[in-house]
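Worksheet for the structure shown next.
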Amino acid sequence: MRYEIDDKNAIRVFNDGQDVPFAYQPDWPDATPWANANEAKAWAELLIESMENPDTKFIPGTSPDNHPRPRPEPVQYNPITGEEITGE
C-alpha cells in the first residue's frame, strides 16, 4: 500500500499498482483538521502498518487526543447465531 498527501493535507491510500484510492481521509476521523502534513503522514503510515501487519500493537486514532490507540483484541462470533464466542 502507499499513500499520498495533497496540499490541503488530505490523505489518499492506494493498493500497490492501483491509481484509484480505496481510502480518503481529509482530516482526523472526528473531523478535526490535520495540524500539518507531518501529522497526516504519521496517521497514514500507522493506518497502513496496522492493515498490513496484524501483530501491530497500535492502530490510528480517531482524534489527535487518542492517537495512537491500542489494537482491540479480536472477537469471534458464531456464524449461525451471530453471538460472541467467549470460550467458556
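The values are calculated or read from the model by the stated rules, or taken from the named source; none is laboratory data. Because the structure is a prediction, the values reported are computed rather than measured. With ideal geometry, Cβ positions are generated from the backbone for all residues, glycine too; neighbour counts draw on all protein chains shown.
Okay, here's what the table says:
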| quantity | calculated |
| --- | --- |
| Conditions (1) out of contact with any strand residue (DSSP E or B) (no Cβ under 9 Å at 6 or more places or on another chain); (2) charged (D, E, K, R); (3) within 19 Å of P21 (Cβ to Cβ): number failed by E49 | (1) |
| E39 being more than 17 Å from D65 (Cα to Cα) and modelled with pLDDT of 95 or more | no |
| Tabulated pairs, the range 41-65, first closer than 17 Å to R2 by Cα, second at pLDDT 95 or above and part of a strand (DSSP E or B), C-beta under 6 angstrom, 6+ apart or interchain | A44/Y3; A44/I11 |
| Cβ pairs under 7 Å, 6+ apart, first in the range 1-18 and within 16 Å of E39 (Cα to Cα) and at pLDDT 95 or above, second in a loop (DSSP other than H, G, I, E, B) and among the aromatic types (F, W, Y) | N9/W34; V13/F22 |
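Here's the yes/no breakdown for (1) assigned to a loop (DSSP other than H, G, I, E, B); (2) of a type in the set (G, A, S):
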position: D27; (1), (2): yes, no
position: A31; (1), (2): yes, yes
position: A35; (1), (2): yes, yes
position: A40; (1), (2): no, yes
position: I48; (1), (2): no, no
position: D65; (1), (2): no, no
position: T81; (1), (2): yes, no
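Every residue, every condition in (1) on the phi < 0 side of the Ramachandran plot; (2) touching a Gly at 6+ places or on another chain (Cβ under 6 Å); (3) modelled with pLDDT under 90; (4) loosely packed, with under 10 Cβ neighbours inside 10 Å, yes or no:
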position: S50; (1), (2), (3), (4): yes, no, no, no
position: T56; (1), (2), (3), (4): yes, no, no, no
position: I59; (1), (2), (3), (4): yes, no, no, no
position: S63; (1), (2), (3), (4): yes, no, no, no
position: P70; (1), (2), (3), (4): yes, no, no, yes
position: P74; (1), (2), (3), (4): yes, no, yes, yes
position: P79; (1), (2), (3), (4): yes, no, no, yes
position: G87; (1), (2), (3), (4): no, no, yes, yes
